[in-house]
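**Student:** The structure is given below, and queries will be raised subsequently.
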Amino acid sequence: MVAKAELRYARISPRKVGIVLDLIRGKDIATATGILAHTPKAASELVLKLLKSAVSNAEANHNMDVEKLYVSETYACGGPILKRIMPRAQGRAFRINKRTSHITLVVAEKQ
């Protein structure tokens, strides 16, 4: 039995989120929470909130034991890109891509 939580259209690049997700994949909930609380990355705040949501979903919807939970899957996919322009010299315009992410976090019970 698994429980998951998703965060869609997060205004952060999937590449930046992936670094934080790699830190907690496969860890138990207490360890993952500690890692996220002490990681100085912008994505760690979003992922910590998502982890708490996944644990809450597991407890409320699937009657899972919180002590036995661990992070089984984590991934960040690219969402829609907001395209902006930066004015440059001689009338040119450079494109700036403001990337978004769809972050998914799945927790499961240890056997």
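**Student:** Using Cα pairs under 8 angstrom and six or more residues apart, how large is the relative contact order of region 26-111, in percent?
**Tutor:** Details: 114 pairs, mean separation 26.7, N = 86.
Computed value for region 26-111: 31 percent relative contact order.
**Student:** How many percent of the accessible area of the chain is carbon or sulfur, using a 1.4 Å probe? Mind showing how you got there, number by number?
**Tutor:** Working: 3660 of 7150 Å².
Of the solvent-accessible surface of the chain, carbon and sulfur hold 51 percent.
**Student:** Quote the convex hull volume per residue of region 6-98, based on C-alpha atoms, as a whole number of Å³.
**Tutor:** Roughly 97 Å³ of hull volume per residue.
**Student:** If the elastic network links every pair of Cα atoms under 10 Å, which of Thr100, Thr31, Thr74 fluctuates the most in the Gaussian network model of the chain?
**Tutor:** Per the Cα network of the chain with a 10 Å cutoff, Thr31 tops the list.
**Student:** Hey, what angle do you get for helix 42-62 against the long axis of the chain, alpha-carbon based, 0 to 90 degrees rounded to 10?
**Tutor:** Tilt of helix 42-62: around 40 degrees.
**Student:** While we're looking at this one, here's another question. By per-residue mean of other Cβ atoms within 10 Å, what is the highest-first order of 18-25, 62-69, 91-98? It would help to have the intermediate numbers written out before the result.
**Tutor:** Working: 18-25: 17.2, 62-69: 13.8, 91-98: 9.4.
Result, highest mean Cβ count within 10 Å first: 18-25, 62-69, 91-98.
**Student:** Per residue, how much accessible area does the chain show when a 1.4 Å probe rolls over the protein heavy atoms, in square angstrom?
**Tutor:** Details: 7150 Å² over 111 residues.
Per residue, the chain has 64 Å² of solvent-accessible surface.
**Student:** Rounded to the nearest whole Å³, what is the per residue volume of the convex hull around the Cα atoms of region 71-111? Provide the component values of the computation, followed by the final result.
**Tutor:** Numbers: hull volume 1.9 nm³, N = 41.
Spread over its residues, the Cα hull of region 71-111 gives 47 Å³ apiece.
**Student:** Based on DSSP H runs of at least 4 residues, each adding -39500 (n - 2.57), what is the mean residue ellipticity at 222 nm of the chain after dividing by all its residues, to the nearest 500 deg cm²/dmol? If you can, show how the numbers build up before the last one.
**Tutor:** Details: 3 runs with 41 residues, N = 111.
After summing the helix terms and dividing by the residues of the chain, the value is -12000 deg cm²/dmol.
The values are calculated or read from the model by the stated rules, or taken from the named source; none is laboratory data. On a predicted model such as this, the values are computed, not experimentally measured, just so you know. So basically every Cβ, Gly included, is an ideal-geometry build from the backbone, and we count neighbours across all protein chains shown. Accessible surface areas use protein heavy atoms only, side chains included; no ligands, DNA or RNA. Shrake-Rupley method; radii C 1.70, N 1.55, O 1.52, S 1.80 Å.
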